[in-house]
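The values are calculated or read from the model by the stated rules, or taken from the named source; none is laboratory data. Everything numeric in this text was worked out from a predicted model, so none of it was measured. All Cβ positions, glycine included, derive from the backbone under ideal geometry; neighbour counts span all protein chains shown. Quick note on the areas: whole protein, heavy atoms, side chains included, nothing else; ligands and nucleic acids left out. Shrake-Rupley method; radii C 1.70, N 1.55, O 1.52, S 1.80 Å.
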Amino acid sequence: MGSLNSDNVASHTSSSNISPLDPEEFRRQGHMIIDFLADYYRDVEKYPVQSQVEPGYLQKRLPKSTPHNPEPIETILQDVQEHIVPGLTHWQSPNFFAYFQCNSSIAGFLGDMLSTGFNVVGFNWIASPAATELETIVMDWLGEILNLPKSFLFSGNGGGVIQGTTCEAVLCTLVAARDQMLSQIGKENLVKLVVYASDQTHSAFQKAAQIAGIHPMNFRAIKTSKSTSFALSPDSLRAQICEDVEAGLVPLFLCATVGTTSTAAIDPLESLCAVAKDYGMWVHVDAAYAGSACICPEFRHFIDGVEGANSFSLNAHKWFLTSLDCCCLWVKDPSALIKSLSTNPEFLRNKASDSKQVVDYKDWQITLSRRFRSLKLWFVLRSYGVANLRSFMRNHVKMANLFEGFVAMDKRFEIVVPINFAMVCFRILPSALSETVYKNGKLDIVSEELANEANRKLLESINMSGCVFMTHAVVEGVYVIRFAVGATLVEERHVITAWKVVQEHANVILSTYKPRALLV
């Protein structure tokens, strides 16, 4: 054997002294992380909301390879502050009005911290009974707050499971529906199955259909219009189904949405479920964003008719103070999920599972492994209570209404669709552009393309300022700016500032459109 040189000795010594879960060192470094995050939340509104870095920025700042020897937490946190924070788009900023927020809270954070600390893998009951049983309890709690039909709760032979995202929830229910139907008509008829949604339904559904083996030609995105506030028309759905049936196809699945991404549109659940029932279809209700608000009695009517659906989901990590990821899915018939998603290898066999007296959540989801997500939802429900959670969401709706009022008072803008929850869709009106066009000596309306260009420039200018961050949608060819209120730290002053920023940038954008007359 060769002798160890000094480098080898140093390496051997440092690696042998590693103690990745030393309690006192964990306590010291844990306090540092909490302090770091507390300072971050305190100062987050001072940062540019949308990251201002260029692609590839981090590669230029960090070392080319992994450090050979340990580095202290102080050095790592300093690099986080100097190199990572500038590359963040700050989702927890009170000036973040984009997408749908992923809000958080002390309770959500601490529950997640406990989950990470315990680090159990609750694929079946015996792997950690508390992880399974708490999940069944909190899913019934939340279902009761939402006034879901008892048929969706464990107490009524249904049940709930916490998935990671809506994408997973939709895929699981679609696979269950697919297998149910193929057991009746034969697996060779997979190519005949058709799924339905509106053209406003989240792209997660299309992705789920692709994964589930639905033929791309059998994905129906039914056109909506401003006349129905971009909700899916039951008559349009029935007409499309009739056409498919006449062509020898088999209607399988409808994804209805409460609170679409583009405009927060609400599909009429009761009448859509009635259509689907005539054809034996599975109905999933995607209420990822707006479902949380339905704990408020004044919003509960938006999910009236859910009793006719087979499954229902909402993302508690969007508007329920529960950090990512936490998608709550309820199903009337858990056995449909279990039949499609279960595997029973010998190494997972145990008396509890064999008794059929316990829930094994591995059979309700795509993956085997799963986190103890119910802890954070339990913390949120207990720490804030129903009254405060309702107040939290109502306050956001009030602030959205405030912004809506500002837009309505400025004649250069319009509200594109009625506001349902806490999102305002607005744009610069074509008539606000000073460019005029004459055709055959008559004044012609400024083109929508020109208005779209102006609104696109306005949004880009606003976001590049770093003061606020918003996103857009295009509906019926109209480019609209979405102003979604939902950040945990947002206050009225942030909404007022955001409107001032919109006006300032609109003044600059509109000044670039010079009057001219074009004779055609």
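A few notes on this one:
- For the range 217-237, the criterion of a residue being modelled with pLDDT of 95 or more, touching an Asp or Glu at 6+ places or on another chain (Cβ under 7 Å), of a type in the set (A, V, I, L, M, F, W, C) and open to solvent by less than 10 Å² (accessible area, probe 1.4 Å) is satisfied by at least one position.
- Val120 vs. criteria open to solvent by 10 Å² or more (accessible area, probe 1.4 Å) and hydrophobic (A, V, I, L, M, F, W, C): yes
- Hey, Glu414 open to solvent by 60 Å² or more (accessible area, probe 1.4 Å) and without any contact (Cβ under 8 Å) to a residue 60 or more places away in the chain or not: no
- Of all residues in the range 193-216, those satisfying the criterion of being out of contact with any Cys (no Cβ under 6 Å at 6 or more places or on another chain), surrounded by fewer than 20 Cβ atoms within 10 Å (Cβ to Cβ) and of a type outside the set (Asp, Glu) are Ser203, Gln206, Lys207, Gln210, Ile211, Gly213, His215, Pro216.
- Matching residues in the range 33-68 - criterion: being in a helix (DSSP H, G or I) and under 24 Å from the mean Cα position of the chain (by Cα): Leu37, Tyr40, Tyr41, Val44, Glu45
- Residue count for the range 305-336, restricted to those that are more than 18 Å from Arg390 (Cβ to Cβ) and assigned to a loop (DSSP other than H, G, I, E, B): 9
- Residues that are part of a helix (DSSP H, G or I) and basic (Lys, Arg) within the range 341-363 comprise Lys351, Lys362, listed in sequence order.
- Qualifying residue in the range 452-461 (condition: crowded, with 19+ Cβ neighbours inside 10 Å, at pLDDT below 90 and more than 28 Å from Thr257 (Cα to Cα)): no
- Test: Val480 is open to solvent by less than 20 Å² (accessible area, probe 1.4 Å), in contact with a Cys (Cβ under 9 Å, 6 or more places away or on another chain) and either at pLDDT below 95 or among the β-branched types (Val, Ile, Thr) (or both): yes
- So Phe302, is it in a helix (DSSP H, G or I), in contact with a helix residue (DSSP H, G or I) (Cβ under 7 Å, 6 or more places away or on another chain) and either open to solvent by less than 60 Å² (accessible area, probe 1.4 Å) or closer than 19 Å to Asn124 by Cα (or both): yes
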